[in-house]
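Comments concern the structure below.
The values are calculated or read from the model by the stated rules, or taken from the named source; none is laboratory data. All figures in this text were calculated on a predicted structure; none of them were measured in a lab. Cβ placement follows ideal geometry from the backbone for every residue including glycine, while neighbour counts extend to all protein chains displayed.
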Amino acid sequence: MTDQKKGDELFSPKTKTTLSILSKKYRGDSSVISSRLPADLIETLDQIAGQTGRTRNEIIQLCLEFALDHIEIQ
């Protein structure tokens with residue numbers, strides 16, 4: 001599989017089940033929001049954050065961007 005570039009982020013899949021995410025700091029306008037999440041989801045987000053060296057916020061933002069890019073409304 002080839003590397004895919006999205007903005008300044010480089011997504012480099014090592015295998016079909018592994019995704020290497022390079023660190024990037026967000027620069028630009030942003031807003032703070034609040035959301036209630038199940039404890040097991042927060043634990044999973046924290047594990048991914050620890051494995052990738054990103055913050056929980058960065059992981060949530062990447063997941064939301066991916067979901068919005070791939071959403072299908074019926």
**Study point:** Checking ARG56 against (1) at pLDDT 90 or above; (2) out of contact with any Leu (no Cβ under 6 Å at 6 or more places or on another chain), the condition it does not meet
**Key:** (2)
Exercise for review: Give the number of residues within segment 47-56 that are assigned to a helix (DSSP H, G or I), surrounded by 13 or more Cβ atoms within 10 Å (Cβ to Cβ) and of a type outside the set (Val, Ile, Thr).
Suggested key: 2
Review point. In segment 16-38, is there at least one residue being surrounded by 10 or more Cβ atoms within 10 Å (Cβ to Cβ), touching a helix residue (DSSP H, G or I) at 6+ places or on another chain (Cβ under 9 Å) and at pLDDT 90 or above?
Key: yes
